[in-house]
Protein chains: 2
Amino acid sequence: MQTHFTIDCVIFSFNEGKLQLLLTERNVYPYKDWWALPGFFTEKDEEMEDAVKRILYEHTGLKDIFMEQLGAFAGVKRHPEGRILTVAFSTIVKYEDVRSKIRPITSYMRQAKWFAVDQLPDLAFDHAQIIQQSLQKLKHTINYSTAVYELLPDKFTLTQLQQVYEAILGKTLDKRNFRKKIANAGFLKELPEVQKGVSYRAARLYRFDKRKFQKQTSVM
Amino acid sequence: MQTHFTIDCVIFSFNEGKLQLLLTERNVYPYKDWWALPGFFTEKDEEMEDAVKRILYEHTGLKDIFMEQLGAFAGVKRHPEGRILTVAFSTIVKYEDVRSKIRPITSYMRQAKWFAVDQLPDLAFDHAQIIQQSLQKLKHTINYSTAVYELLPDKFTLTQLQQVYEAILGKTLDKRNFRKKIANAGFLKELPEVQKGVSYRAARLYRFDKRKFQKQTSVM
DNA sequence: GCAAAAGTGTTGTCCTTACACCCATGG
DNA sequence: CCATGGGTGTAAGGACAACACTTTTGC
């Protein structure tokens, strides 16, 4: 049997000390004027991966971003038109890198905007559930993926890094223990620079060393 | 756009010291006479969860089994008829419990049969890939789920338990360390019985205590 | 008595956690 | 000089890995 087939995108970023999520305001029925995950119908005989790329671009203006599959959500009652199967994908982007590029190409969506994950509006369809599941997954994989570093600018301070961990895990961490753990892991490169423009002691800047990270994790 | 929508089931069990997988022999084109994961088309406006139950029953004779979603597999070239999206589900069953029930109801499949996961035949579609991914997931969740205990009979010896771990992880474990870890976890109940019918020292039997397991894990 | 598997302890290393104060800087 | 966040060490407990021999049983 055939079914409608859509893609939804969960796009995380980090700004102002908070985990952020990119949502679009729908300009079409159903759920017109509601906020929703960027997502839409696939086309006939379109590869799923191509559909993800296309829809991501058309709805947010973002390109060349790798998205990981979260899972399929069906449910006859998800949509007034009957069963629509959606496959959700998630990714993480650097806020500064995409800031100027966010802009829906299609007129199906009125605008795309960042929301702090702890201050989301009411969402269309079952998107709140998809987001919950995505956050769950992020929590579990945080230590085994480069996800955290995708959330930060190229050069960052240890406090910023800790904030990202805290935002994702939803709890505060001990500063000394956190730094020991990071130092131990050994895939941060200390830079000869420090923060600028702060009215207190400037913090050391670090960079993530992907090569060293892969060496570590590939042993396991 | 619409797409064909199928379900595939990855069903693990454990017998003769090996991790086993239930496959069906196809009686229809495409891939007639090939071995494949039990799976078929969903029906119009059928809930995904209902489709899983129905297909599992029709193709293997198994009922009342909870299946967990693995993910969606699309791919225009998966199937001669064009894009067919399949959502894979996996589960684990006790070999003894189901032994006599395995039997396809539908004539689309000629027979259902267990194969050791390290001795699988050539498989239809992209089912080999789905199985690989499922095994990966099993490895990762082995310590945080009741999966292992679903694989064993009600009463089992510690050596049997260790064999299951070894089969899933694909490596041998140290007996003393393994027993310490299990004892530490504290959700096995030692029974007053021992093995029977063996020509060497009979091993103590244990039972898995689900209540204690949940207490442990829910704290985290 | 022998074959076959059951059962059992110790040690070192490393990771995790808890916990509090001085330091550097800009204004 | 003060407000603000940056930066640092230690001790205890728990988890993990390495490692080999004795015991029980059926035949």
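The values are calculated or read from the model by the stated rules, or taken from the named source; none is laboratory data. Everything numeric in this text was worked out from a predicted model, so none of it was measured. Here the Cβ positions follow ideal geometry from the backbone for every residue, glycine too, while neighbour counts run over all protein chains shown. SASA here: full protein model, heavy atoms, side chains in, ligands and nucleic acids out. Shrake-Rupley method; radii C 1.70, N 1.55, O 1.52, S 1.80 Å.
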Unmet criterion (only one of (1) modelled with pLDDT of 90 or more; (2) within 15 Å of DNA strand C (Cβ to nearest atom); (3) assigned to a helix (DSSP H, G or I); (4) open to solvent by 90 Å² or more (accessible area, probe 1.4 Å)) for A:Gln129: (2)
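Going residue by residue through segment B:137-147, is there one that turns out to be among the hydroxyl-bearing types (Ser, Thr, Tyr), in contact with a Phe, Trp or Tyr (Cβ under 7 Å, 6 or more places away or on another chain) and part of a loop (DSSP other than H, G, I, E, B)?
Yes, some residue in segment B:137-147 is among the hydroxyl-bearing types (Ser, Thr, Tyr), in contact with a Phe, Trp or Tyr (Cβ under 7 Å, 6 or more places away or on another chain) and part of a loop (DSSP other than H, G, I, E, B).
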Can you find, within segment B:21-45, the residue that is farthest from B:Ala124 (Cα to Cα) among those that are open to solvent by less than 20 Å² (accessible area, probe 1.4 Å) and not in a strand (DSSP E or B)? B:Thr42
Per the filter on segment B:66-89, residues at the interface with chain A (Cβ under 8 Å from one of its Cβ atoms) and either basic (Lys, Arg) or under 14 Å from B:Phe40 (Cβ atoms) (or both) are B:Arg83, B:Leu85, B:Val87
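Can you find, within segment A:179-201, the residue that is farthest from DNA strand C (Cβ to nearest atom) among those that are closer than 13 Å to A:Phe156 by Cβ and open to solvent by 40 Å² or more (accessible area, probe 1.4 Å)? Explain how you work it out, then say what you get.
Initial filter on segment A:179-201 (closer than 13 Å to A:Phe156 by Cβ): A:182, A:188-191, A:193-195.
Next, only the ones that are open to solvent by 40 Å² or more (accessible area, probe 1.4 Å) stay: A:189-190, A:193-195.
Working: A:Lys189: 20, A:Glu190: 16, A:Glu193: 12, A:Val194: 8, A:Gln195: 9 Å.
Once the filter is applied, the top-ranked residue is A:Lys189.
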Which of the following residues is closer than 30 Å to A:Lys171 by Cβ, in contact (Cβ under 8 Å) with a residue 12 or more places away in the chain and small (Gly, Ala, Ser): A:Gly17, A:Gly75, A:Gly61, A:Gly82? A:Gly17
In segment B:153-165, anything surrounded by fewer than 16 Cβ atoms within 10 Å (Cβ to Cβ) and within 13 Å of DNA strand D (Cβ to nearest atom) is listed as B:Thr159
Between B:Lys175, B:Lys210, which is among the charged types (D, E, K, R), within 15 Å of DNA strand D (Cβ to nearest atom) and open to solvent by 60 Å² or more (accessible area, probe 1.4 Å)? B:Lys175
State all residues of segment B:148-178 that are away from chain A (no Cβ under 14 Å), more than 12 Å from DNA strand C (Cβ to nearest atom), in contact (Cβ under 8 Å) with a residue 12 or more places away in the chain and within 15 Å of B:Lys18 (Cα to Cα); if no residue qualifies, say none. B:Val148, B:Tyr149, B:Glu150, B:Leu151, B:Leu152, B:Pro153, B:Val164, B:Tyr165, B:Ala167, B:Ile168
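Picking from A:Gln133, A:Gln111, A:Gln129, A:Gln119, which residue would you name as being under 14 Å from A:Asn15 (Cα atoms), among the polar types (S, T, N, Q) and more than 12 Å from the chain's Cα centre (by Cα)?
On the way: A:Gln133 fails: under 14 Å from A:Asn15 (Cα atoms); A:Gln111 fails: under 14 Å from A:Asn15 (Cα atoms); A:Gln129 fails: under 14 Å from A:Asn15 (Cα atoms).
The match here is A:Gln119.
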Among the residues of segment A:1-59, count how many are within 14 Å of another protein chain (Cβ to nearest Cβ), touching a helix residue (DSSP H, G or I) at 6+ places or on another chain (Cβ under 8 Å) and under 26 Å from A:Gln136 (Cβ atoms). 5
